[in-house]
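The values are calculated or read from the model by the stated rules, or taken from the named source; none is laboratory data. What you are looking at is a predicted structure, and each value in this text was computed from that prediction instead of being measured. FYI the Cβ positions are ideal-geometry reconstructions off the backbone, even for glycines, and counts take in every protein chain you see. Note: accessible area is taken over every heavy atom of the protein model, side chains too, but ligands, DNA and RNA are not part of it. Shrake-Rupley method; radii C 1.70, N 1.55, O 1.52, S 1.80 Å.
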Amino acid sequence: MIDTPTFFENEFSQPLASRLRPRTLDEFCGQKHLLGEGKILRRLIENDTVGSMIFWGPPGVGKTTLARIIAGKTKSKFVDFSAVTSGIKEIKQVMTDAENGRRFGERTILFVDEIHRFNKAQQDAFLPFVEKGSIILIGATTENPSFEVNGALLSRCKVFVLQALSAADLVSLLTRALKDERGFGREKVEIAPELVEAIAGFANGDARSALSTLEMAVLNGDVDGDTVRVTEETLEQCLSKKSLLYDKNGEEHYNLISALHKSMRNSDPDAAVYWLARMLEAGEDPLYIARRIVRFASEDVGLADPRALEMAVAAYQACHFLGVPECNVHLTQIAVYLSLAPKSNSMETAYNRAKDDALKRLAEPVPLVIRNAPTKLMKELGYGSGYVYAHDTEEKLSAMQCLPDDLKNAVYYTPTDEGLETRFKERLAQIKDAKKKLRGDK
(Lines give C-alpha, C1' and ligand atoms only; values in the text may rest on other atoms or scores of the structure.)
Protein backbone atom coordinates (compact mmCIF):
# COMPACT_ATOMS: atom_id res chain seq x y z
CA MET A 1 0.00 0.00 0.00
CA ILE A 2 1.35 3.37 -1.00
CA ASP A 3 0.68 6.31 1.34
CA THR A 4 -0.87 9.29 -0.39
CA PRO A 5 1.11 12.44 0.38
CA THR A 6 -0.77 14.95 2.49
CA PHE A 7 -1.55 18.43 1.25
CA PHE A 8 1.04 19.94 3.55
CA GLU A 9 3.84 17.57 2.56
CA ASN A 10 4.34 18.43 -1.04
CA GLU A 11 1.58 19.01 -3.49
CA PHE A 12 1.55 22.76 -3.70
CA SER A 13 4.90 24.25 -2.95
CA GLN A 14 3.93 27.74 -4.06
CA PRO A 15 2.63 30.29 -1.53
CA LEU A 16 -1.12 30.37 -1.06
CA ALA A 17 -1.40 33.79 -2.74
CA SER A 18 0.20 32.37 -5.90
CA ARG A 19 -1.85 29.18 -5.90
CA LEU A 20 -5.07 31.10 -5.50
CA ARG A 21 -4.30 33.73 -8.12
CA PRO A 22 -7.57 34.37 -10.00
CA ARG A 23 -7.75 32.96 -13.52
CA THR A 24 -10.89 34.77 -14.71
CA LEU A 25 -12.67 38.05 -14.11
CA ASP A 26 -15.35 36.20 -12.15
CA GLU A 27 -12.72 34.95 -9.69
CA PHE A 28 -11.15 38.40 -9.37
CA CYS A 29 -11.78 40.02 -6.00
CA GLY A 30 -12.76 43.67 -5.65
CA GLN A 31 -12.57 46.61 -8.11
CA LYS A 32 -16.29 46.45 -8.86
CA HIS A 33 -16.14 50.08 -10.01
CA LEU A 34 -14.02 48.88 -12.95
CA LEU A 35 -14.91 45.22 -13.38
CA GLY A 36 -18.55 45.00 -12.37
CA GLU A 37 -21.12 44.14 -15.02
CA GLY A 38 -21.21 46.89 -17.63
CA LYS A 39 -18.22 48.77 -16.18
CA ILE A 40 -15.66 50.27 -18.51
CA LEU A 41 -12.65 47.99 -17.98
CA ARG A 42 -14.75 44.84 -18.08
CA ARG A 43 -16.29 45.95 -21.38
CA LEU A 44 -12.87 46.67 -22.86
CA ILE A 45 -11.64 43.21 -21.86
CA GLU A 46 -14.74 41.31 -22.97
CA ASN A 47 -14.88 43.19 -26.29
CA ASP A 48 -11.15 42.62 -26.86
CA THR A 49 -10.52 46.34 -27.29
CA VAL A 50 -7.87 46.73 -24.63
CA GLY A 51 -5.26 49.43 -25.21
CA SER A 52 -2.21 50.51 -23.25
CA MET A 53 -3.06 51.37 -19.67
CA ILE A 54 -1.66 52.02 -16.22
CA PHE A 55 -2.99 50.49 -13.04
CA TRP A 56 -2.50 52.79 -10.07
CA GLY A 57 -3.23 51.43 -6.63
CA PRO A 58 -1.83 50.17 -3.33
CA PRO A 59 -0.01 46.84 -2.97
CA GLY A 60 -1.95 43.61 -3.02
CA VAL A 61 -5.02 44.73 -4.95
CA GLY A 62 -4.41 42.55 -8.03
CA LYS A 63 -2.57 44.72 -10.57
CA THR A 64 -0.38 41.88 -11.86
CA THR A 65 -3.21 39.36 -11.70
CA LEU A 66 -5.53 41.59 -13.69
CA ALA A 67 -2.88 42.04 -16.38
CA ARG A 68 -2.52 38.24 -16.64
CA ILE A 69 -6.28 37.81 -16.93
CA ILE A 70 -6.38 40.40 -19.71
CA ALA A 71 -3.61 38.57 -21.57
CA GLY A 72 -5.47 35.29 -21.29
CA LYS A 73 -8.82 36.75 -22.27
CA THR A 74 -7.41 38.55 -25.30
CA LYS A 75 -5.22 35.60 -26.33
CA SER A 76 -2.07 37.69 -26.19
CA LYS A 77 1.49 36.78 -25.31
CA PHE A 78 2.18 37.94 -21.76
CA VAL A 79 5.61 39.35 -20.90
CA ASP A 80 6.24 40.20 -17.26
CA PHE A 81 8.82 42.96 -17.04
CA SER A 82 10.30 44.33 -13.82
CA ALA A 83 11.55 47.89 -13.52
CA VAL A 84 13.90 46.75 -10.77
CA THR A 85 15.92 44.25 -12.81
CA SER A 86 15.65 45.54 -16.39
CA GLY A 87 17.38 48.28 -18.38
CA ILE A 88 17.17 49.76 -21.88
CA LYS A 89 18.99 46.76 -23.41
CA GLU A 90 16.35 44.35 -22.08
CA ILE A 91 13.57 46.69 -23.16
CA LYS A 92 14.84 46.79 -26.75
CA GLN A 93 15.12 43.00 -26.90
CA VAL A 94 11.54 42.57 -25.67
CA MET A 95 10.38 45.21 -28.17
CA THR A 96 12.18 43.44 -31.04
CA ASP A 97 10.52 40.13 -30.12
CA ALA A 98 7.12 41.84 -29.88
CA GLU A 99 7.59 43.52 -33.27
CA ASN A 100 8.48 40.19 -34.85
CA GLY A 101 5.43 38.63 -33.26
CA ARG A 102 3.18 41.40 -34.57
CA ARG A 103 4.20 40.59 -38.13
CA PHE A 104 2.77 37.12 -37.65
CA GLY A 105 -0.43 38.36 -36.03
CA GLU A 106 0.64 37.81 -32.43
CA ARG A 107 -0.19 40.49 -29.88
CA THR A 108 2.08 41.07 -26.90
CA ILE A 109 0.96 42.47 -23.57
CA LEU A 110 3.96 43.86 -21.78
CA PHE A 111 3.31 44.15 -18.08
CA VAL A 112 5.72 46.53 -16.36
CA ASP A 113 5.61 46.29 -12.59
CA GLU A 114 6.67 49.37 -10.63
CA ILE A 115 6.83 51.45 -13.79
CA HIS A 116 7.52 54.53 -11.67
CA ARG A 117 11.00 53.15 -10.99
CA PHE A 118 12.01 53.51 -14.66
CA ASN A 119 13.94 56.67 -15.50
CA LYS A 120 12.96 58.98 -18.36
CA ALA A 121 15.21 57.30 -20.91
CA GLN A 122 13.81 53.86 -20.07
CA GLN A 123 10.23 55.09 -20.29
CA ASP A 124 10.97 56.83 -23.60
CA ALA A 125 12.17 53.50 -25.02
CA PHE A 126 8.57 52.22 -24.88
CA LEU A 127 7.07 55.13 -26.81
CA PRO A 128 7.61 54.15 -30.48
CA PHE A 129 6.41 50.59 -29.86
CA VAL A 130 3.30 51.73 -28.00
CA GLU A 131 2.53 54.16 -30.84
CA LYS A 132 2.98 51.50 -33.53
CA GLY A 133 0.92 49.00 -31.60
CA SER A 134 3.78 46.51 -31.35
CA ILE A 135 2.88 46.10 -27.69
CA ILE A 136 0.00 46.75 -25.37
CA LEU A 137 1.69 48.28 -22.36
CA ILE A 138 0.18 47.69 -18.95
CA GLY A 139 2.09 49.49 -16.24
CA ALA A 140 1.55 49.06 -12.52
CA THR A 141 2.44 51.64 -9.92
CA THR A 142 1.76 52.48 -6.31
CA GLU A 143 2.71 56.12 -6.96
CA ASN A 144 0.70 58.86 -8.64
CA PRO A 145 1.46 58.36 -12.37
CA SER A 146 0.96 62.07 -13.00
CA PHE A 147 4.24 62.66 -11.20
CA GLU A 148 6.13 59.44 -11.91
CA VAL A 149 5.36 58.63 -15.57
CA ASN A 150 6.54 60.71 -18.52
CA GLY A 151 3.83 62.91 -19.95
CA ALA A 152 4.36 61.54 -23.46
CA LEU A 153 3.91 57.96 -22.30
CA LEU A 154 1.09 58.82 -19.90
CA SER A 155 -0.88 60.51 -22.68
CA ARG A 156 -0.89 57.23 -24.62
CA CYS A 157 -2.19 55.19 -21.69
CA LYS A 158 -5.54 55.07 -19.93
CA VAL A 159 -5.10 55.29 -16.15
CA PHE A 160 -7.28 53.03 -14.01
CA VAL A 161 -7.30 53.61 -10.26
CA LEU A 162 -7.48 50.37 -8.28
CA GLN A 163 -8.75 50.65 -4.74
CA ALA A 164 -7.67 48.88 -1.56
CA LEU A 165 -9.90 45.87 -1.00
CA SER A 166 -12.68 46.23 1.53
CA ALA A 167 -12.86 44.00 4.59
CA ALA A 168 -15.87 42.27 3.00
CA ASP A 169 -13.84 41.59 -0.17
CA LEU A 170 -11.04 40.05 1.87
CA VAL A 171 -13.41 37.93 3.97
CA SER A 172 -14.87 36.56 0.73
CA LEU A 173 -11.37 35.86 -0.60
CA LEU A 174 -10.24 34.12 2.61
CA THR A 175 -13.41 32.05 2.72
CA ARG A 176 -12.75 30.90 -0.84
CA ALA A 177 -9.16 30.04 0.10
CA LEU A 178 -10.45 27.73 2.81
CA LYS A 179 -12.82 25.95 0.41
CA ASP A 180 -10.97 25.98 -2.91
CA GLU A 181 -8.84 22.90 -3.64
CA ARG A 182 -6.04 25.19 -4.76
CA GLY A 183 -6.11 26.54 -1.24
CA PHE A 184 -7.04 24.54 1.85
CA GLY A 185 -10.12 22.87 0.40
CA ARG A 186 -8.56 19.39 0.71
CA GLU A 187 -7.92 19.87 4.41
CA LYS A 188 -10.29 20.11 7.36
CA VAL A 189 -9.54 23.55 8.70
CA GLU A 190 -11.48 24.96 11.63
CA ILE A 191 -11.28 28.71 12.07
CA ALA A 192 -13.92 30.92 13.65
CA PRO A 193 -15.57 33.54 11.41
CA GLU A 194 -14.41 36.33 13.72
CA LEU A 195 -10.79 35.23 13.20
CA VAL A 196 -11.26 35.34 9.43
CA GLU A 197 -12.68 38.85 9.84
CA ALA A 198 -9.71 39.78 12.04
CA ILE A 199 -7.25 38.65 9.34
CA ALA A 200 -9.18 40.70 6.78
CA GLY A 201 -9.05 43.73 9.05
CA PHE A 202 -5.33 43.49 9.74
CA ALA A 203 -4.54 43.18 6.02
CA ASN A 204 -5.56 46.81 5.39
CA GLY A 205 -6.92 46.10 1.92
CA ASP A 206 -4.00 43.92 0.79
CA ALA A 207 -5.10 40.52 -0.57
CA ARG A 208 -1.56 39.13 -0.62
CA SER A 209 -1.06 40.04 3.03
CA ALA A 210 -4.40 38.50 4.01
CA LEU A 211 -3.68 35.21 2.24
CA SER A 212 -0.14 35.02 3.64
CA THR A 213 -1.47 35.52 7.16
CA LEU A 214 -4.12 32.84 6.69
CA GLU A 215 -1.51 30.45 5.32
CA MET A 216 0.81 31.02 8.27
CA ALA A 217 -2.04 30.57 10.74
CA VAL A 218 -3.19 27.29 9.16
CA LEU A 219 0.32 25.88 8.86
CA ASN A 220 0.88 26.67 12.54
CA GLY A 221 -2.54 25.55 13.70
CA ASP A 222 -3.25 22.84 16.25
CA VAL A 223 -3.46 19.43 14.56
CA ASP A 224 -6.14 17.10 15.92
CA GLY A 225 -6.25 13.95 13.79
CA ASP A 226 -7.11 15.09 10.29
CA THR A 227 -8.32 18.51 11.46
CA VAL A 228 -6.27 21.70 11.70
CA ARG A 229 -7.66 24.12 14.25
CA VAL A 230 -6.71 27.82 14.17
CA THR A 231 -7.15 29.50 17.54
CA GLU A 232 -7.03 33.13 18.57
CA GLU A 233 -3.73 32.46 20.34
CA THR A 234 -2.21 30.99 17.16
CA LEU A 235 -3.31 33.97 15.11
CA GLU A 236 -2.00 36.44 17.69
CA GLN A 237 1.40 34.76 17.49
CA CYS A 238 1.40 34.86 13.69
CA LEU A 239 0.56 38.54 13.70
CA SER A 240 2.58 39.45 16.77
CA LYS A 241 -0.50 41.38 17.83
CA LYS A 242 -2.52 41.62 21.00
CA SER A 243 -6.14 42.82 21.12
CA LEU A 244 -6.67 40.59 18.12
CA LEU A 245 -10.40 41.03 17.96
CA TYR A 246 -10.23 44.82 17.95
CA ASP A 247 -13.20 45.79 15.83
CA LYS A 248 -12.47 48.69 13.52
CA ASN A 249 -16.18 49.43 13.28
CA GLY A 250 -17.15 48.69 16.88
CA GLU A 251 -17.24 50.47 20.22
CA GLU A 252 -13.57 49.94 21.10
CA HIS A 253 -12.57 51.59 17.83
CA TYR A 254 -14.44 54.77 18.79
CA ASN A 255 -13.33 54.58 22.43
CA LEU A 256 -9.67 54.58 21.43
CA ILE A 257 -9.86 57.38 18.87
CA SER A 258 -11.79 59.40 21.44
CA ALA A 259 -9.05 58.73 23.99
CA LEU A 260 -6.38 59.95 21.56
CA HIS A 261 -8.37 63.04 20.65
CA LYS A 262 -9.12 64.03 24.24
CA SER A 263 -5.56 63.34 25.40
CA MET A 264 -4.21 65.72 22.75
CA ARG A 265 -6.90 68.28 23.64
CA ASN A 266 -5.85 68.03 27.29
CA SER A 267 -2.19 68.61 26.29
CA ASP A 268 -1.06 65.19 27.52
CA PRO A 269 1.53 63.87 25.03
CA ASP A 270 2.25 60.68 26.99
CA ALA A 271 -1.39 59.62 26.99
CA ALA A 272 -1.73 60.60 23.32
CA VAL A 273 1.22 58.42 22.31
CA TYR A 274 -0.08 55.51 24.39
CA TRP A 275 -3.54 55.55 22.78
CA LEU A 276 -1.92 55.98 19.37
CA ALA A 277 0.20 52.87 19.98
CA ARG A 278 -2.84 50.94 21.21
CA MET A 279 -4.62 51.57 17.92
CA LEU A 280 -1.68 50.94 15.63
CA GLU A 281 -0.62 47.73 17.37
CA ALA A 282 -4.21 46.49 17.19
CA GLY A 283 -4.11 46.94 13.41
CA GLU A 284 -5.93 50.24 12.96
CA ASP A 285 -5.56 51.86 9.55
CA PRO A 286 -2.95 54.62 10.00
CA LEU A 287 -4.71 56.76 7.40
CA TYR A 288 -7.85 56.75 9.55
CA ILE A 289 -5.85 58.03 12.51
CA ALA A 290 -4.11 60.59 10.30
CA ARG A 291 -7.47 61.88 8.99
CA ARG A 292 -8.73 62.34 12.55
CA ILE A 293 -5.53 64.18 13.44
CA VAL A 294 -5.94 66.53 10.46
CA ARG A 295 -9.42 67.33 11.78
CA PHE A 296 -8.05 67.94 15.28
CA ALA A 297 -5.47 70.40 13.95
CA SER A 298 -8.23 72.84 12.97
CA GLU A 299 -10.92 71.84 15.45
CA ASP A 300 -8.79 72.13 18.60
CA VAL A 301 -5.72 74.15 17.60
CA GLY A 302 -6.74 76.30 14.65
CA LEU A 303 -5.18 79.74 14.43
CA ALA A 304 -3.54 79.37 17.83
CA ASP A 305 -0.88 77.58 15.75
CA PRO A 306 -1.60 77.79 12.00
CA ARG A 307 1.30 75.41 11.25
CA ALA A 308 -0.53 72.60 13.03
CA LEU A 309 -2.71 71.94 9.98
CA GLU A 310 0.32 71.92 7.64
CA MET A 311 2.11 69.41 9.84
CA ALA A 312 -0.99 67.22 10.21
CA VAL A 313 -1.44 67.07 6.44
CA ALA A 314 2.28 66.28 6.05
CA ALA A 315 1.87 63.43 8.55
CA TYR A 316 -1.08 62.09 6.55
CA GLN A 317 1.00 62.17 3.36
CA ALA A 318 3.87 60.38 5.10
CA CYS A 319 1.45 57.64 6.17
CA HIS A 320 0.20 57.36 2.61
CA PHE A 321 3.72 57.12 1.17
CA LEU A 322 5.19 54.71 3.71
CA GLY A 323 2.44 52.76 5.46
CA VAL A 324 3.02 50.82 8.67
CA PRO A 325 5.25 50.33 10.51
CA GLU A 326 7.42 53.11 9.07
CA CYS A 327 4.77 55.82 9.46
CA ASN A 328 4.31 55.16 13.18
CA VAL A 329 7.00 57.68 14.03
CA HIS A 330 5.32 60.37 11.90
CA LEU A 331 2.02 59.87 13.70
CA THR A 332 3.87 60.02 17.01
CA GLN A 333 5.50 63.30 16.02
CA ILE A 334 2.23 64.99 15.09
CA ALA A 335 0.40 63.59 18.14
CA VAL A 336 3.07 65.05 20.44
CA TYR A 337 3.16 68.34 18.51
CA LEU A 338 -0.60 68.80 18.72
CA SER A 339 -0.61 67.84 22.39
CA LEU A 340 1.89 70.62 23.14
CA ALA A 341 0.34 73.21 20.81
CA PRO A 342 -1.79 76.05 22.21
CA LYS A 343 -5.48 75.22 21.93
CA SER A 344 -8.33 77.10 20.29
CA ASN A 345 -11.71 75.80 19.18
CA SER A 346 -12.71 79.09 17.54
CA MET A 347 -12.78 77.54 14.05
CA GLU A 348 -15.38 74.97 15.06
CA THR A 349 -17.49 77.40 17.07
CA ALA A 350 -17.40 79.93 14.22
CA TYR A 351 -18.67 77.39 11.73
CA ASN A 352 -21.36 76.03 14.05
CA ARG A 353 -22.70 79.52 14.71
CA ALA A 354 -22.76 80.27 10.99
CA LYS A 355 -24.35 76.89 10.25
CA ASP A 356 -27.24 77.60 12.61
CA ASP A 357 -28.03 80.87 10.83
CA ALA A 358 -27.50 79.32 7.40
CA LEU A 359 -30.03 76.57 8.16
CA LYS A 360 -32.58 78.93 9.71
CA ARG A 361 -32.26 81.56 6.97
CA LEU A 362 -31.72 79.56 3.79
CA ALA A 363 -33.56 82.17 1.72
CA GLU A 364 -31.45 85.18 2.78
CA PRO A 365 -30.48 86.94 -0.47
CA VAL A 366 -26.90 87.81 -1.37
CA PRO A 367 -26.51 91.61 -1.10
CA LEU A 368 -26.62 93.25 -4.53
CA VAL A 369 -23.32 94.99 -3.92
CA ILE A 370 -21.34 91.70 -3.92
CA ARG A 371 -23.20 89.97 -6.74
CA ASN A 372 -21.53 89.45 -10.12
CA ALA A 373 -23.06 91.32 -13.07
CA PRO A 374 -21.98 89.47 -16.24
CA THR A 375 -25.01 90.68 -18.28
CA LYS A 376 -26.53 94.07 -19.11
CA LEU A 377 -29.80 93.13 -17.42
CA MET A 378 -28.02 92.26 -14.19
CA LYS A 379 -26.26 95.61 -14.20
CA GLU A 380 -29.58 97.38 -14.77
CA LEU A 381 -31.02 95.52 -11.80
CA GLY A 382 -28.23 96.85 -9.61
CA TYR A 383 -26.04 93.75 -9.41
CA GLY A 384 -22.56 94.81 -8.26
CA SER A 385 -23.62 98.45 -7.87
CA GLY A 386 -21.43 100.14 -5.27
CA TYR A 387 -18.89 97.33 -5.15
CA VAL A 388 -15.50 98.49 -3.88
CA TYR A 389 -12.38 96.60 -4.98
CA ALA A 390 -10.43 96.42 -1.74
CA HIS A 391 -7.04 96.48 -3.46
CA ASP A 392 -7.81 99.91 -4.89
CA THR A 393 -8.20 101.46 -1.43
CA GLU A 394 -5.47 102.80 0.78
CA GLU A 395 -6.65 100.66 3.71
CA LYS A 396 -7.09 97.56 1.49
CA LEU A 397 -10.68 97.24 2.78
CA SER A 398 -14.02 99.03 2.57
CA ALA A 399 -17.13 99.54 4.67
CA MET A 400 -19.13 97.46 2.20
CA GLN A 401 -21.76 95.16 3.81
CA CYS A 402 -21.17 91.53 2.83
CA LEU A 403 -23.82 89.85 5.04
CA PRO A 404 -27.57 89.89 4.39
CA ASP A 405 -29.45 92.76 6.07
CA ASP A 406 -30.94 90.54 8.77
CA LEU A 407 -27.46 89.31 9.74
CA LYS A 408 -25.40 92.44 9.20
CA ASN A 409 -24.31 92.58 12.85
CA ALA A 410 -23.75 88.83 13.27
CA VAL A 411 -20.45 87.69 14.81
CA TYR A 412 -19.31 84.13 14.20
CA TYR A 413 -15.55 84.15 14.68
CA THR A 414 -14.41 85.07 18.17
CA PRO A 415 -10.62 84.69 18.47
CA THR A 416 -9.06 83.48 21.69
CA ASP A 417 -5.98 84.69 23.52
CA GLU A 418 -4.15 81.42 22.88
CA GLY A 419 -0.86 81.20 20.99
CA LEU A 420 -0.62 83.03 17.69
CA GLU A 421 -4.34 83.66 17.65
CA THR A 422 -3.67 86.77 19.73
CA ARG A 423 -2.20 88.29 16.54
CA PHE A 424 -5.36 87.47 14.60
CA LYS A 425 -7.42 88.95 17.42
CA GLU A 426 -5.45 92.20 17.23
CA ARG A 427 -5.72 92.25 13.43
CA LEU A 428 -9.50 91.67 13.55
CA ALA A 429 -9.91 94.52 16.05
CA GLN A 430 -7.92 96.82 13.74
CA ILE A 431 -10.10 95.86 10.78
CA LYS A 432 -13.33 96.48 12.68
CA ASP A 433 -12.10 99.87 13.91
CA ALA A 434 -11.08 100.86 10.38
CA LYS A 435 -14.49 99.90 8.98
CA LYS A 436 -16.24 101.93 11.67
CA LYS A 437 -14.23 104.99 10.64
CA LEU A 438 -15.05 104.41 6.97
CA ARG A 439 -18.74 104.18 7.82
CA GLY A 440 -18.48 107.26 10.00
CA ASP A 441 -19.62 105.38 13.10
CA LYS A 442 -18.81 106.95 16.44
Fill in: Conditions (1) at pLDDT below 85; (2) open to solvent by less than 40 Å² (accessible area, probe 1.4 Å); (3) of a type outside the set (Gly, Ala, Ser): number failed by residue 119
(2)
Discussion item. I need every pair where a residue in the stretch 404-422 that is open to solvent by less than 30 Å² (accessible area, probe 1.4 Å) has its Cβ under 9 Å from the Cβ of a residue that is of a type in the set (Asp, Glu) and assigned to a helix (DSSP H, G or I), sequence separation at least 6 or different chains.
Written reply: 407/357; 415/421; 415/426
Worksheet, complete the sentence: Scanning the stretch 72-82 for residues that are more than 13 Å from residue 53 (Cβ to Cβ) and not in a helix (DSSP H, G or I) gives 75, 76, 77, 78, 79, 80, 81, 82
Item to complete: Among the residues of the stretch 159-174, write down those that are touching a Pro at 6+ places or on another chain (Cβ under 9 Å) and either small (Gly, Ala, Ser) or assigned to a helix (DSSP H, G or I) (or both).
Response: 164, 171
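Do we find a residue being among the small types (Gly, Ala, Ser) and more than 21 Å from residue 431 (Cα to Cα) anywhere in the stretch 392-399? I'd like the intermediate steps shown before the answer.
Of the residues in the stretch 392-399, the ones among the small types (Gly, Ala, Ser) are 398-399.
Still in the running and more than 21 Å from residue 431 (Cα to Cα): none.
No: the stretch 392-399 contains no residue that is among the small types (Gly, Ala, Ser) and more than 21 Å from residue 431 (Cα to Cα).
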Item to complete: Could you name every one of the helices (runs of 4 or more DSSP H) located completely within the stretch 250-335 that has at least 3 residues being over 30 Å from residue 236 (Cα atoms), modelled with pLDDT of 95 or more and open to solvent by 40 Å² or more (accessible area, probe 1.4 Å)?
Response: 307-322
Worksheet item: Taking the stretch 176-193 on its own, how many of its residues are in a helix (DSSP H, G or I) and buried (at least 16 other Cβ atoms within 10 Å of the Cβ)?
Response: 3
Worksheet entry | Residue that is over 19 Å from residue 23 (Cα atoms), of a type in the set (Val, Ile, Thr) and not in a strand (DSSP E or B), where the choices are 91, 69, 45, 54 | 91
Worksheet item: Say we look at the stretch 398-442 and pick out the residues that are among the acidic types (Asp, Glu) and part of a loop (DSSP other than H, G, I, E, B); which of these is modelled with the lowest pLDDT?
Response: 441
Worksheet item: Can you name the number of the only condition in (1) more than 29 Å from the chain's Cα centre (by Cα); (2) closer than 21 Å to residue 34 by Cβ; (3) among the polar types (S, T, N, Q) that residue 146 fails?
Response: (1)
Fill in: Residues of the stretch 349-380 satisfying the condition of being touching a residue at least 40 places away in the same chain (Cβ under 8 Å), open to solvent by 60 Å² or more (accessible area, probe 1.4 Å) and within 36 Å of the chain's Cα centre (by Cα)
351, 353
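If you check residue 166 against the conditions, is it touching a residue at least 12 places away in the same chain (Cβ under 8 Å), within 30 Å of residue 51 (Cα to Cα) and under 22 Å from the mean Cα position of the chain (by Cα)? Before the answer, list the steps.
Values: touching a residue at least 12 places away in the same chain (Cβ under 8 Å): yes; within 30 Å of residue 51 (Cα to Cα): yes; under 22 Å from the mean Cα position of the chain (by Cα): yes.
Considered against the rule, which asks whether it is touching a residue at least 12 places away in the same chain (Cβ under 8 Å), within 30 Å of residue 51 (Cα to Cα) and under 22 Å from the mean Cα position of the chain (by Cα), residue 166 comes out as yes.
Specify the residue that is least open to solvent (accessible area, probe 1.4 Å); the eligible residues are those in the stretch 122-158 that are among the polar types (S, T, N, Q) and in a helix (DSSP H, G or I).
Going through the stretch 122-158, the residues among the polar types (S, T, N, Q) turn out to be 122-123, 134, 141-142, 144, 146, 150, 155.
From what's left, in a helix (DSSP H, G or I): 122-123, 146.
Numbers: 122: 25, 123: 3, 146: 79 Å².
Among those residues, the one meeting the criterion is 123.
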Worksheet item: Would the stretch 196-219 turn up any residue that is among the small types (Gly, Ala, Ser), at pLDDT 90 or above, more than 21 Å from residue 175 (Cβ to Cβ) and part of a helix (DSSP H, G or I)?
Response: no
Item to complete: Answer yes or no as to whether residue 243 is more than 23 Å from the chain's Cα centre (by Cα), in a loop (DSSP other than H, G, I, E, B), surrounded by fewer than 18 Cβ atoms within 10 Å (Cβ to Cβ) and modelled with pLDDT under 85.
Response: yes
